[in-house]
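S.K.: The structure follows.
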Amino acid sequence: MTEEHSLPVLVIGAGISGVTTAVETAEAGREVLLIDREPVIGGRVIKSYHYFPKMCPPTCGMELNTRRLERSPKASVLVGTNAVSATRADGSWKVTLRTDPAYVNERCTACGACSAVCPTKVPDSMNLGMGEVPAIRLPYPHAWPQRNILDREACGDGCKACVEVCEFDAIELDAKPVEQEVEVSSVVIATGWHPYPLENLPELGGGQFPDVIANVNLERLASPWGPTEGKILRPSNGEPPKKVAFIQCAGSRDVNHLAYCSDICCLASLKQANYVKEQIPDSEVTIYYIDRRTPGRNEALLEQMTQTDGVRLVKGKVGKVEQGKGGKLLLKLEDTEGGGLQEVHADLVVLATGMVPNVDKNLPFSVKTDEDGFALDDPPGGVTVAGVARRPQDVASSTRDATGAAARAWMVAEENR
């Protein structure tokens, strides 16, 4: 690539926003390089069970996008890769990329033989640390690239069980990191988000009681390849919960935590209430909220759940969650419309924790942010932002935003030529 106009766009982050930006850029005719620090693409969205409004698994949409990536001659993907340094000159970026050793090469067929003999267990990152898995394994059934990953640091001294059983010479325990320099026309920041930590909410039982979980954990409990094979069970005793309480704005819209609304929390809890009722029909589900925010066509989900037997939406603020009698949780709250101060019990409490942008301060680019830490477009600096790195939003909004980011990145590249 010697001509300036032929320089590719670099997209950092291969969640739904980054993947969408990449495929839209490539299919519009410009070369694109998509990188992600994780060993597979998909980001946060693949850890969901269903997404709204269609209530379908995210793997179907992600599979369509990976097929688009595979067949595009203008798209390249590097997983396990970080941008470690960058310099800007003459309207382009020169970026040094570091690809960590994968230890499992492209000859892997994901047959599972290595996982079967692996003697070491590690926390399951796909399931947010809920449960353990072999140190070498396929992260989830539809993972892309479709090959095993290895937590090399967990391997015992001299252990080569996986190497010895592999028939395809696909495991390289002595693999080394690789660095390369690329020149790109513009950079798209699509680094996504992470949930506000439960441990920051001890007054609501976060990090205190096993039966107080985050909304992202419930997604994994409901998933067929989750830690309970899709059964929603109480972490404390493995039993189905009969009374489930959802606490909205857990850390959001709070000057002591996240001052902003995280946009999707109301919808996520309505969706998850539906999970519970489908699986445990006789359960009682209560959603405690400040305001009900379900914009646009998503209002239909609110209407559906308000008419579902056994589901209550209570306008009120939960101030404290304590351990109650008989293993139950005790919620102390104010019902602002119907009853003042109350104490109620629940078997399982789900905190609707907010979305925190993954705007890595270690990125080698000068990324501008707003007062809440979300990244901002910087056309003169050759940087564009896509998805939740820019603002809280759902999957559908993120894909639309990413399509716009692809166009903006192209414009930035042209303007800075």
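S.K.: Quick one: Pro141 ticks every box in (1) surrounded by 19 or more Cβ atoms within 10 Å (Cβ to Cβ); (2) at pLDDT below 95 except a single one, so which number is it?
M.R.: Single failed check for Pro141: (1).
S.K.: Among the candidates Val187, Val165, Val212, which residue alone is among the β-branched types (Val, Ile, Thr) and either in contact with a Cys (Cβ under 9 Å, 6 or more places away or on another chain) or free of Cβ contacts under 8 Å to residues at least 12 places away in the same chain (or both)? Can you show your working first?
M.R.: On the way: Val187 fails: either in contact with a Cys (Cβ under 9 Å, 6 or more places away or on another chain) or free of Cβ contacts under 8 Å to residues at least 12 places away in the same chain (or both); Val212 fails: either in contact with a Cys (Cβ under 9 Å, 6 or more places away or on another chain) or free of Cβ contacts under 8 Å to residues at least 12 places away in the same chain (or both).
Result of the check over Val187, Val165, Val212: Val165.
S.K.: Residue under question is Lys317, and the condition is that it be surrounded by fewer than 20 Cβ atoms within 10 Å (Cβ to Cβ) and more than 30 Å from Ser92 (Cβ to Cβ); does it hold?
M.R.: yes
S.K.: Out of all the residues in the stretch 167-184, is one or more at pLDDT below 95, among the aliphatic types (A, V, I, L, M) and either within 25 Å of Gly15 (Cβ to Cβ) or surrounded by fewer than 16 Cβ atoms within 10 Å (Cβ to Cβ) (or both)?
M.R.: Taking every residue of the stretch 167-184 in turn, none turns out to be at pLDDT below 95, among the aliphatic types (A, V, I, L, M) and either within 25 Å of Gly15 (Cβ to Cβ) or surrounded by fewer than 16 Cβ atoms within 10 Å (Cβ to Cβ) (or both).
S.K.: Go through the stretch 293-326 and report how many residues are touching a Leu at 6+ places or on another chain (Cβ under 6 Å) and either under 21 Å from Ser236 (Cβ atoms) or part of a loop (DSSP other than H, G, I, E, B) (or both).
M.R.: Going through the stretch 293-326 one residue at a time, the tally reaches 5.
S.K.: Name the strands (runs of 3 or more DSSP E) wholly within the stretch 147-202 that hold at least 3 residues that are under 21 Å from Asp124 (Cα atoms) and within 29 Å of the chain's Cα centre (by Cα)?
M.R.: In the stretch 147-202, 193-195 are the strands (runs of 3 or more DSSP E) which contain 3 or more residues that are under 21 Å from Asp124 (Cα atoms) and within 29 Å of the chain's Cα centre (by Cα).
S.K.: Looking only at the stretch 373-392, decide whether some residue is within 20 Å of Leu7 (Cα to Cα) and in contact with a Leu (Cβ under 9 Å, 6 or more places away or on another chain).
M.R.: Checked the stretch 373-392: at least one residue is within 20 Å of Leu7 (Cα to Cα) and in contact with a Leu (Cβ under 9 Å, 6 or more places away or on another chain).
S.K.: Tell me whether the stretch 57-79 contains one or more residues that are on the phi > 0 side of the Ramachandran plot and touching a residue at least 40 places away in the same chain (Cβ under 8 Å). Working first, answer last.
M.R.: If we filter the stretch 57-79 for residues that are on the phi > 0 side of the Ramachandran plot, which is where we start, we get none.
Looking through the stretch 57-79, none of the residues is on the phi > 0 side of the Ramachandran plot and touching a residue at least 40 places away in the same chain (Cβ under 8 Å).
The values are calculated or read from the model by the stated rules, or taken from the named source; none is laboratory data. This is a predicted model, so every value here is computed, not measured. We place every Cβ from the backbone using ideal geometry, glycine too, and count neighbours over all the protein chains shown.
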